[in-house]
Amino acid sequence: MTTAAILLQAGSGGMSSLIMMGLIVVVFYFFMIRPQMKKQKDHKKYIEDLKVNDKVVTTAGIHGRIVEIGESTFIIDVGSGTRIKFDKAAISLDASKLANTPKQGTVTTTTDEKK
């Protein structure tokens with residue numbers, strides 16, 4: 001085998017390795033990095049949209065109702081007039097959404113029904 005053929009063969013192997021590494025980076029981006037960035041963006045928007053009297057759940061699992069909103073904190077009423085100050089980052093997006101959705105199988109009645 002000539003030297004040129006050996007160099008050509010070694011060069012093509014290096015190129016395929018480079019392409020494989022590039023594909024791995026792309027897969028990591030689309031399956032790990034991008035979804036995490038989207039989740040952070042959704043959480044930030046949720047925190048900005050919260051208002052007084054919204055029910056929330058903290059990352060520690062404390063359920064309460066927002067009574068006051070500060071620049072970087074919430075004051076949450078957890079019952080019996082007990083109020084606790086939490087950082088805005090301590091609000092759990094997923095748990096708060098679950099706490100605010102109506103339960104499956106519950107029956108709501110209206111008083112406007114005519115018989």
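Derivation of every value follows stated rules applied to the coordinates shown; laboratory data play no part. Note that this is a predicted model, so its numbers are computed, not measured. Don't worry about glycine lacking a Cβ; one is built from the backbone with ideal geometry, like all the others, and counts go over all protein chains shown.
Scanning the stretch 63-89 for residues that are in contact with a Phe, Trp or Tyr (Cβ under 8 Å, 6 or more places away or on another chain) and within 16 Å of ASN100 (Cα to Cα) gives ILE66, ILE76. Consider the stretch 22-78 and keep the residues that are among the aromatic types (Phe, Trp, Tyr) and touching a Lys or Arg at 6+ places or on another chain (Cβ under 9 Å). The one that is nearest to ASP94 (Cα to Cα) is TYR46. The residue pairs whose first member lies in the stretch 78-98 and is over 14 Å from LYS44 (Cα atoms), whose second member is hydroxyl-bearing (Ser, Thr, Tyr), and whose beta carbons are closer than 6 Å, counting only pairs six or more residues apart or on different chains, are LYS85/THR73; PHE86/THR58. Note on the stretch 36-73: residues that are surrounded by 13 or more Cβ atoms within 10 Å (Cβ to Cβ) and free of Cβ contacts under 8 Å to residues at least 12 places away in the same chain amount to 1.
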